[in-house]
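Trainee: Starting off with a structure, shown below.
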Amino acid sequence: MVVSKTGGVAMRLKDKVALVTGGAEGIGAAIAKVFAREGAAVAVVDVNVATGNRTVQAINDAGGKAIFLRADVSKSHEVKAMVEGVIAEFGRVDILVNNAGVTLNATVADTEEDDWERVIGVDLTGVYLCSKYIVPHMVEHGGGNIINIGSIASFVGLNNNAAYNAAKGGVMMLTRNMAVDYAPMKIRVNALCPGMVMTPMLEKFIAIQPDPKAYVAKVEASTPLGRIGTPEEVAEAALFLATDECPYITGAALMVDGGYTAR
Ligand SMILES: NC(=O)c1ccc[n+]([C@@H]2O[C@H](COP(=O)([O-])OP(=O)(O)OC[C@H]3O[C@@H](n4cnc5c(N)ncnc54)[C@H](O)[C@@H]3O)[C@@H](O)[C@H]2O)c1
């Protein structure tokens, strides 16, 4: 049995079905685990089959309920088939977390066209495609909850992050658009915007810096809370947005950035 963090009282996502894209590792895996801990049945969607299956195994071993589905969120036919698979297994989706993302370390002039397409494809088009095919099911079941993982890059320019910045800015406005369009259908749509969080994505990014140690020190110094965040800290914030504890919050951005954008 999964014991709730709230001391075994009511699980906060009991009887809900959640779908987490990019749920194999990093922030997505932490969200999938926290949602399962709180009683949700979780569909973990990712391109990384081995890691995705490991995350699902860990959830099921802990007494939760999870399945893995392979899909590239930037490919329409794969998203369509994946959504059909989740509906066949669980019957509905109450909570969609559009988390899958990739980065690219380049300015506009240095960004190759296919790299631009890939980053926009996963980080922005992926949010559109997963939402497009899941929203009708949410409408059919009387409502839902969508959490789009934005970034501090949804709000501030980051050096050498042209395509990523553009995609994450787009995620924020798509969030606001969907919040407005789907409020009458009782679907809340919010963005969760992390700052620097220690995941495989950030580890790889740190590794390609000319002086990785100096880079980490710079990040810590520019973050008011003075440290890099953890995937679990982001997951607990996602849990808050996913529950019915904030029914008047839609179209919002919840910053989980140690105060980075408050400066
Ligand atoms: N780590 C950070 O510092 C940070 C900061 C702000 C925002 N974010 C955002 O959080 C989200 C998760 O990032 P993370 O740090 O956990 O990254 P990560 O690289 O550690 O994990 C991302 C996951 O997405 C999967 N994925 C990649 N492309 C995919 C595709 N086309 N279809 C399906 N799955 C795909 C990967 O296989 C991986 O499991 C991303 O949207 C990222 O932009 C991360």
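Read the figures in this text as sums done on the coordinates, not as results from a lab. Just so we're clear, the structure is a prediction, and the values are computed from it rather than from any experiment. Cβ atoms come from the backbone with ideal geometry, glycine included; neighbour counts cover every protein chain shown.
Trainee: Relative to the longest principal Cα axis of the chain, at what angle does helix 212-221 sit, 0 to 90 degrees, rounded to 10?
Mentor: Once rounded, the angle reads 70 degrees.
Trainee: In Å, what Kirkwood hydrodynamic radius results for region 26-161 from the alpha-carbon pair distances? Mind showing how you got there, number by number?
Mentor: Values: mean 1/r = 0.0628 Å⁻¹.
Evaluated over region 26-161, this radius sits at 15.9 Å.
Trainee: With θ set to phi - 60°, apply the Karplus curve 6.51 cos²θ - 1.76 cosθ + 1.60 along region 35-46 and write out the HN-Hα couplings as whole Hz, x wherever there is a Gly or Pro.
Mentor: 5, 5, 4, 8, x, 6, 7, 10, 9, 9, 10, 6
Trainee: Convert 25 °C to kelvin, take the viscosity as 0.890 mPa s, use the Kirkwood radius over C-alpha pairs of region 107-263 as Rh, and evaluate the Stokes-Einstein diffusion coefficient in µm²/s, rounded to a whole number. Before the final figure, lay out each step's value.
Mentor: Numbers: Rh = 16.7 Å.
D = 147 µm²/s.
Trainee: Something else about it: Counting pairs of alpha carbon atoms under 8 Å apart in space and at least six apart in sequence, what relative contact order in percent does region 31-171 give?
Mentor: Worked out over region 31-171, it gives 23 percent.
Trainee: Same structure again: Below 8 Å between Cα atoms, with a sequence gap of 6+, how large is the relative contact order for the chain in percent?
Mentor: Taking the mean separation of contacting Cα pairs over the length of the chain, I get 19 percent.
Trainee: Here's a follow-up. Given bins 5 angstrom wide, list per bin the percent of all Cα-Cα distances in region 224-263, short to long.
Mentor: Distribution as computed: 6, 20, 26, 22, 17, 9, 1 percent.
Trainee: Next question, about the same structure. Cα-Cα pairs above 22 Å in region 93-179: how many percent?
Mentor: Of the Cα pairs, 28 percent sit more than 22 Å apart.
Trainee: If you don't mind, there's one more thing I want to ask. For 90, 240, what ranking results if the residue with the fewest other Cβ atoms within 10 Å of its Cβ goes first?
Mentor: 240, 90
Trainee: Send over the per residue convex hull volume for region 189-260, Cα only, as a whole number of Å³.
Mentor: 91
Trainee: Less than 26 Å apart at the alpha-carbon level, and either on another chain or at least 8 residues along: which lysines does that give for residue 33?
Mentor: Partners found: 5, 14, 16, 65, 75, 80, 132, 168, 186, 204.
Trainee: Something else: Expressed in whole Å with the largest first, what are the equivalent ellipsoid semi-axes of the chain derived from the C-alpha gyration tensor as the square root of 5 times each eigenvalue? Don't skip to the end; give the middle numbers.
Mentor: On the way: eigenvalues 154, 86, 68 Å².
Values for the chain, descending: 28, 21, 18 Å.
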